[in-house]
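The values are calculated or read from the model by the stated rules, or taken from the named source; none is laboratory data. Bear in mind the structure is a predicted one, so any value in this text is a computation, not a measurement. Neighbour counts are summed over all protein chains in view; Cβ atoms, including those assigned to glycine, are modelled from backbone coordinates with ideal geometry. SASA here: full protein model, heavy atoms, side chains in, ligands and nucleic acids out. Shrake-Rupley method; radii C 1.70, N 1.55, O 1.52, S 1.80 Å.
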Amino acid sequence: MNIVHPVADEWGEDYAVFAASAEHVILSEPLAAFLDYAVTERLRPVLMTSTGTRLSPFVSLAMRRAGGLWAVQSAGGATYDGLSGYRIDTLRDLWERPGQGTERLPSYTTLATTHEQQFPGVLMFDVFAHQRAASDTTVGTLSAAMISALGGSPLELWGPFEPLVDRWDTRVLTEVARREMPATDALHGLSRDGSFVDLFVGRTRRGILEQIKGGVALRRYPDHIGGLVQTASQALATIADEFQPTIGFVSLAETDIGTWVEPAAKRPEVPLAVIIGPRGVHDLDIDAAALAEKHDITMLGRKRTPSLLVRFSNPDQGLWAQLVAFAHDLGAERIAAATGLGRV
């Protein structure tokens, strides 16, 4: 007897598979339902596509949130890990021996290094901001401001699934968020130039916490990051002045076509700048003078209620090393408490 699963194409005791045949995979309602099912049932979600498939940025973000794995199959029937490019014999190889093997997809054997080969880049951002739970509270303005500050086009469309068909309207987004309290599902926004955002709103003891996570498209991955550190710093300073976020983060990632990704080698994502708003500075009990001895920091705003801007401006030291050192000096538990991550 053949059993038809309502959302999965294949499943086992600890995993479920969604097979997509399209060349461009979007976060459709069936795929979103599959990921929600896998998370709810505590299964490993596996997305199965062909080797020539591209994933929309919303799929990439949703897969990250769900702890998803990507398997790609060649025309000859061989299956590969879409994240590392190594051939796998069974789906369990995706999580039992990731990044291992000998045969690898050709697209993973070399990085693009010349101007002609160079892939696009994306300025990724992740921002947390608290607001009062009041009648005049608006959802969506932070997203639009962040994308604009990073040089992206204005947000035009939004929706809970792709394709996005509704015109971007903060009044509508605010009403949707109110109806879905105490926490919303991801609301997706898209610009004409491919810049994108995932928006989440949740109720906390202090009001509501708005998280925005997305990216602004670059024409190409830069040869030097100095200019982008400045762009990221200025963008975070702009939203700090208007929205006073608890914490915000900007990084640089590499993509394939615009903001879409395909199974191919890429440079690791690297951090550029962090902003910690007045509430975060207070809650984290930050000693700015001590931090300034080790890190490239600037105090913004009012003296009594300042924001702290951190620039990862020393490539020779290692960008991730600077971020890890800064986070260590602040304390991971205090960061989580300040952002309200455990209370949404």
Using a 1.4 Å probe and ignoring any ligands, DNA or RNA, find the accessible area of S307 and quote it in Å² to the nearest 10. 10
Phi to ³J(HN,Hα) by Karplus 6.51 cos²θ - 1.76 cosθ + 1.60 over region 225-242, Hz, x for Gly, Pro: 9, x, x, 6, 4, 5, 4, 5, 5, 5, 5, 5, 5, 4, 6, 5, 5, 8
Under a 1.4 Å probe, counting only protein heavy atoms, S195 has an accessible area in Å², nearest 10, of 0
Förster radius 41 Å - calculated FRET efficiency between T90 and R192, Cβ distance, rounded to 0.05: 0.45
Beta carbons within 10 angstrom, averaged per residue: use that to sort the peptides 52-60, 83-91, highest first. 52-60, 83-91
Length-normalised contact order of region 60-207, Cα under 8 Å, at least 6 apart, in percent, tallies to 15
What percent does the relative contact order of region 20-118 come to when contacts are Cα pairs within less than 8 Å and at least six residues apart? 20
What residues have an amide H closer than 5 Å to that of R54, excluding those fewer than 5 places away on the same chain, when H is modeled at 1.01 Å from N in the peptide plane? H24, V25
Long-range amide H contacts for Y15: which residues qualify at under 5 Å (H placed 1.01 Å from N, peptide plane, sequence gap of 5 or more or a different chain)? R44
Amide H neighbours of A273 at under 5 Å, excluding residues fewer than 5 places away on the same chain, with H built from the backbone geometry, are V250, F312
Calculate one ³J(HN,Hα) per residue across region 181-198 by plugging θ = phi - 60° into the Karplus curve 6.51 cos²θ - 1.76 cosθ + 1.60, and present them in order as whole Hz with x for glycine and proline. 4, x, 7, 8, 6, 5, 10, 9, x, 9, 9, 4, 8, x, 4, 8, 8, 9
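By the gyration tensor of its Cα atoms, with a ≥ b ≥ c the square roots of the eigenvalues, what is the shape of region 170-264: rounded for a/c under 1.5, prolate for a/b over b/c, or oblate? Please report the intermediate quantities before stating the final value.
On the way: a/c = 2.57, a/b = 1.54, b/c = 1.67.
Oblate.
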Per-residue ³J(HN,Hα) for region 35-44, Karplus 6.51 cos²θ - 1.76 cosθ + 1.60, θ = phi - 60°, Hz, x for Gly and Pro: 5, 5, 4, 4, 5, 4, 8, 6, 10, 7
